[in-house]
Amino acid sequence: MTDEELMLAVCDGDQSAYQIIVKQQLKSISHYAYRMLGNQKDTEDITQETFLKLWINAGKWQPEKSKLSTWLHRITHNLCIDYLRKHSKMQTQENIENEVDAALIEKEGADRDDATQQQTTQLEQAIGRLPENQRSALMLCYYSGFSNKEAAAIMNMSVKALESSIARAKRSLRTELSESDNAQ
Amino acid sequence: MTTTMTLEEFSTLVDVHGSNIENWPSALRKDSKTFLESSDRARALISEQRRLEQQLDQITVPEFAGLQARILNQQLPPRNDPLLDKLLDWLIPAGGFTIQLWRPAMVACLPLVFGIVLGNYYSFGVGLQSSEVEYWEDELAMLSLSDYSESIF
């Protein structure tokens, strides 16, 4: 079934079509939310809310204007931005730093040498410190695999503004990496 | 081969499109490759970018155990679109161009139809006065009594 057929079924109240979409999109949506929030609990809440909005507003999706994944990421993006604006920047950054440490140690700690792990942790913290539009642009284009045009549509900005955000984000991260090299 | 590309332009392209020139827009590839061959600084930029990408690839996301079940098992609310949304969806549907046009046109005609119907049934005090009605009745009576035989022949 195509996305359009699935969404038509969801509009008619078909829960099995809804479940198929959830299974197809869950990983991409939850990963984007986590990379924006750096917080496992809120990532789960935002992901759940995204799919709830999909169910409630299924009729509003316009297949001729955007792909389903683009529309869903836009919902997630808006929810994440609302979350980030409601919570203080300090708190979000703190969450990212704490959770990043825990996740890294838990998942890969034994496999990596200390220097690499430290650099990755520093890079994650640097990503957490990026302004939200730079972080979103980087996450959508680099990790989620959207084209610049699609990412710009998700973030409701021009392609030029998006490309400028990506360039600034990468320059900041490169600077952080070279500073980390110099410190070692 | 020469290129008009500057290091600043090349640097922006590296930041925006990544370290693999094959993934850049096709219109820019030829110039970029020429510039890359001729500039040590450009090669250094590609190398720095590649290193950043390797570091970015190291960043992982934790598993969200139970999240799928949590979403699939949640009670889905009944969809109850607001009346305004329903009206707007009806008026400007998501379908083709023709269906998007005829509904607004039909709605625009509604006041006209309403006015004709209303005007047909109510006079709003501007209707014919009783004396005029009598006048017309008199006229008809006179016409019926007139002898037109001479005028015909």
Computed FRET value (nearest 0.05) for residue B:9 with residue A:143, which takes r as the C-beta separation and R₀ as 35 Å: 0.85
Residues in the stretch B:11-27 that, when all protein chains are in place, have 50 Å² or more less accessible area than the chain alone would give (probe 1.4 Å): B:15, B:16
Distance (nanometres) between label positions extended 7 Å along Cα→Cβ at residue B:120 and residue B:79: 3.9
Using θ = phi - 60° and Karplus 6.51 cos²θ - 1.76 cosθ + 1.60, couplings along the stretch A:10-15 (whole Hz; Gly, Pro as x): 4, 4, 7, x, 7, 6
Radius of gyration, Dmax [the stretch A:1-89; alpha carbons; angstrom]: 13.2, 43
Pairwise burial A:B, computed as accessible area of each alone minus the pair, summed, 1.4 Å, Å²: 4100
With every protein chain in place, the stretch A:1-89: carbon and sulfur % of accessible area (1.4 Å): 48
Accessible surface, the stretch A:144-184, averaged per residue in Å² (probe 1.4 Å): 51
Cα convex hull volume per residue for the stretch B:18-85 (Å³): 185
Theoretical FRET efficiency, 1/(1+(r/R0)^6), r = Cβ-Cβ of residue B:86 and residue A:87, R0 35 Å, to 0.05: 0.50
Per residue solvent-accessible surface (Å²) - the stretch A:1-89, probe of 1.4 Å: 47
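The values are calculated or read from the model by the stated rules, or taken from the named source; none is laboratory data. These numbers were taken from a predicted model, which means no experiment stands behind them. Note: ideal-geometry Cβ built from the backbone for every residue, glycine included; neighbour counts use all protein chains shown. Heavy atoms of the whole protein, side chains included, go into the accessibility calculation; ligands, DNA and RNA do not. Shrake-Rupley method; radii C 1.70, N 1.55, O 1.52, S 1.80 Å.
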